[in-house]
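Asker: Handing you this structure, nothing more for now.
The values are calculated or read from the model by the stated rules, or taken from the named source; none is laboratory data. Source: prediction; values computed, not measured. Counting neighbours? That spans all protein chains shown, and the Cβs are built from the backbone with ideal geometry, glycine included. Keep in mind that these areas ignore ligands, DNA and RNA; they rest on the heavy atoms of the full protein, side chains included. Shrake-Rupley method; radii C 1.70, N 1.55, O 1.52, S 1.80 Å.
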Amino acid sequence: MIVERLPPVRTTLRPTNHPYLNGAWTPLLEEVNATDLDVIEGAIPSDIDGIYVRNTENPVHHALGRYHPFDGDGMLHTISFQNGRASYRNRFIRTRGFEAEQEAGQSLWGGLMDGPGVSLRPGFGCHGGMKDAASTDVVVHAGKIVSTFYQCGEAYGLDPETMEQLGVASWGPLDGVSAHTKVDEATGELLFFNYSKYAPYMHYGVVDRSGKLVHYVPIPLPGPRLPHDMAFTTNYSILNDLPLFWDAELLKKGIHASRYHPDMPSRFGVIPRRGATSDVRWFEAAPTYILHFLNAYEEGDEIVMDAYFQENPVPRPLADAPDGFSHMMAFLDEHSFKPRLHRWRFNLKTGETREAHLDERTLEFGMINQRYAGKPYRYGYSTTSKPGWFLFNGFVKHDLQTGESWSITLPEGRYASEAPFAPRIGAKDEDDGYLVSFIIDENKGASECVLIDCKRFEDGPVVRIALPHKISSGTHSVWADRAFIRAGVAPG
Ligand SMILES: [Fe+2]
């Protein structure tokens with residue numbers, strides 16, 4: 001392995017007992033390029049050609065107020081596979097906020113858990129007082145990495161091969177872009193939404209495969225909402241109005257506290273991909289909150305949508321949490337809010353909704369073969385998490401046709417990242433490929449990348465590749481085939 005280290009960033013981080021600034025969440029501050037990565041075990045397959053990108057949160061400055069892991073500075077990590085060899089790069093995303101704090105040599109903005117007045121400058125996002133760290137989500141669109149922030153911000157581009165910073169995407173509207181933009185590899189389009197505290201409270205847009213904003217419409221909602229993700233089929237996009245949102249009275253006083261309304265239904269807005277505001281059809285369903293959708297598709301008169309239905313969207317403070325962290329830790333603990341893989345069927349003829357759990361286990365952060373996004377599909381891959389912690393400790397593969405499932409549980413101290421599916425070159429079957437995940441090994445103080453053959457799911461990784469440093473845990477990730485990166489649309 002050949003490692004080139006970049007000049008260090010300015011940091012004012014101090015030692016702390018914060019549970020999400022230690023262990024597998026210890027911020028990584030160095031940026032490197034590493035080629036010819038060493039294999040720990042197995043062999044790097046030569047039948048994949050593409051790049052895995054992961055977003056993680058790594059604060060470089062001591063927090064002004066109370067730190068939440070979603071406040072951290074966005075860092076992207078890539079591992080590139082070609083001809084049985086692998087290389088790795090990682091970079092902080094140079095957002096306007098990151099650059100301003102580098103110049104100032106300190107934090108300038110408070111975070112998610114801070115009240116008004118903590119920030120030293122006007123803030124970004126629908127919260128209004130935060131730094132846009134582009135640290136939540138990542139996709140590849142029009143040949144570029146696109147990184148976004150869950151509170152709505154600017155979409156930042158990086159070159160997937162070189163990690164050169166490409167700055168703010170020109171297609172982003174002034175109202176911002178939420179995390180979980182969706183890329184339809186079949187058309188090369190990017191679908192997105194945003195949300196805010198001001199009427200109409202949501203917009204929906206489409207960016208074409210050349211990176212041009214070609215559609216942008218208001219989606220009026222009854223008030224400010226907190227949507228996190230969306231779904232799409234070949235012909236429709238599905239937006240949501242869920243009964244967990246900022247308390248309207250507290251919001252008038254500048255306090256951003258979320259409240260669950262179990263007496264209100266969940267509402268899902270189905271809009272043709274380039275439809276008008278008046279085309280949105282709303283379907284009502286059981287109350288819940290959803291962080292992430294798995295996939296959706298059309299079947300006869302119905303739209304079928306799979307996502308993770310939270311049984312307990314407002315969990316009680318986490319017992320046994322360190323002092324002062326019980327509330328924050330409960331909202332980061334899947335075993336507290338209990339997401340269940342769930343299927344909704346929206347009948348476009350009758351307006352009716354049918355829904356049911358597909359699995360009773362606590363699962364989230366699902367992935368599919370992206371060639372089946374928006375289309376009928378058979379296989380989904382979810383993560384499991386360590387009770388009490390936002391740390392992934394395994395994977396479950398579902399055959400949604402037969403109901404069969406297979407699982408992997410990592411040994412204590414080894415934590416995974418969200419693991420997208422990398423199709424084998426020339427694959428015919430939907431599950432002919434690998435799950436790609438980074439692993440943080442707390443026992444060894446090191447990180448590696450593993451590939452899991454999805455046709456032999458429980459056999460263990462086909463390869464373990466050493467990374468040049470121990471990374472931090474984080475949130476989202478994406479796999480992009482090199483052919484898709486170059487063409488901007490899936491071949492064939
Ligand atoms: Fe997310």
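Asker: Summing +1 for each Lys or Arg and -1 for each Asp or Glu, what net charge is found among the other residues whose Cβ lies under 15 Å from the Cβ of Leu341?
Answerer: The answer is -3.
Asker: Which Rg and Dmax, in Å, describe the Cα atoms of the chain?
Answerer: For the chain, the Cα-based Rg and Dmax read 21.1, 61 Å.
Asker: A further question on this structure: Can you list the lysines whose alpha carbon sits under 17 Å from that of Lys212, skipping same-chain ones fewer than 8 residues off?
Answerer: Hits, sequence-local ones excluded: Lys144, Lys182.
Asker: Eight or more residues apart or on different chains, and alpha-carbon atoms under 25 Å: count the Lys pairs in the stretch 282-437 matching that.
Answerer: 7
Asker: Here's something else I'd like to know. If you roll a 1.4 Å probe over the chain with all protein chains in place, what percent of the accessible area is carbon or sulfur?
Answerer: Looking at the chain in its full context, I get 50 percent from C and S.
Asker: If you place +1 on the Cβ of every Lys and Arg and -1 on the Cβ of every Asp and Glu, how big does the dipole about the Cα centre of the stretch 1-93 come out, in debye to the nearest 20?
Answerer: 420 debye
Asker: Can you give the local net charge around Arg96? Use residues other than it whose beta-carbon is closer than 11 angstrom to its beta-carbon, Lys and Arg +1, Asp and Glu -1.
Answerer: That works out to -2.
Asker: Which of rounded, prolate or oblate describes the stretch 245-388 when judged by the alpha-carbon gyration tensor and an a/c cut-off of 1.5?
Answerer: Verdict is oblate for the stretch 245-388.
Asker: On to the next question. Once you have the Cα-Cα distance between Ile255 and Lys212, take 0.36 nm times their residue separation minus that, and quote the gain in nm to one decimal.
Answerer: Value of the extension gain: 11.8 nm.
Asker: To continue, here is another question. Given the rule -39500 (n - 2.57) for each run of at least 4 DSSP H residues, summed and divided by the residues of the chain, what is its mean residue ellipticity at 222 nm, to the nearest 500 deg cm²/dmol?
Answerer: Calculated at 222 nm, the ellipticity per residue is -1500 deg cm²/dmol.
Asker: Here's a follow-up. Work out the charge dipole of the chain with +1 on the Cβ of Lys and Arg and -1 on the Cβ of Asp and Glu about the Cα centre, then indicate which of Gly388, Gly460, Met163 is farthest towards its positive end.
Answerer: Met163
Asker: Starting from the Cα of Lys197, draw a straight line to each of the lysines and keep only those under 19 Å, dropping any in the same chain fewer than 8 residues away.
Answerer: Lys131, Lys252, Lys253
Asker: Right, next: Rounded, prolate or oblate: pick one for the stretch 44-184, where a ≥ b ≥ c are the square roots of the eigenvalues of its C-alpha gyration tensor, a/c under 1.5 means rounded, and failing that, prolate if a/b is larger than b/c, else oblate.
Answerer: prolate
Asker: Further question on the same structure: Can you classify the stretch 1-62 as rounded, prolate or oblate using the Cα gyration tensor, where a ≥ b ≥ c are the square roots of its eigenvalues, rounded means a/c under 1.5, and otherwise it's prolate if a/b beats b/c and oblate if not?
Answerer: Prolate, because a/c is 1.5 or more and a/b exceeds b/c.
Asker: Let me ask something else about it. What is the ratio of the Cα radius of gyration of the stretch 1-104 to 2.2 N^0.38 Å, with N the residue count, to two decimals?
Answerer: 1.25
Asker: For the pair Asp247 and Ile425, how long in nm is the line joining their label points, each one 7 Å along Cα→Cβ?
Answerer: Here the answer is 5.8 nm between the modelled labels.
Asker: To the nearest 20 debye, what is the magnitude of the charge dipole of the chain about its Cα centre, counting +1 on the Cβ of each Lys and Arg and -1 on the Cβ of each Asp and Glu?
Answerer: 820 debye
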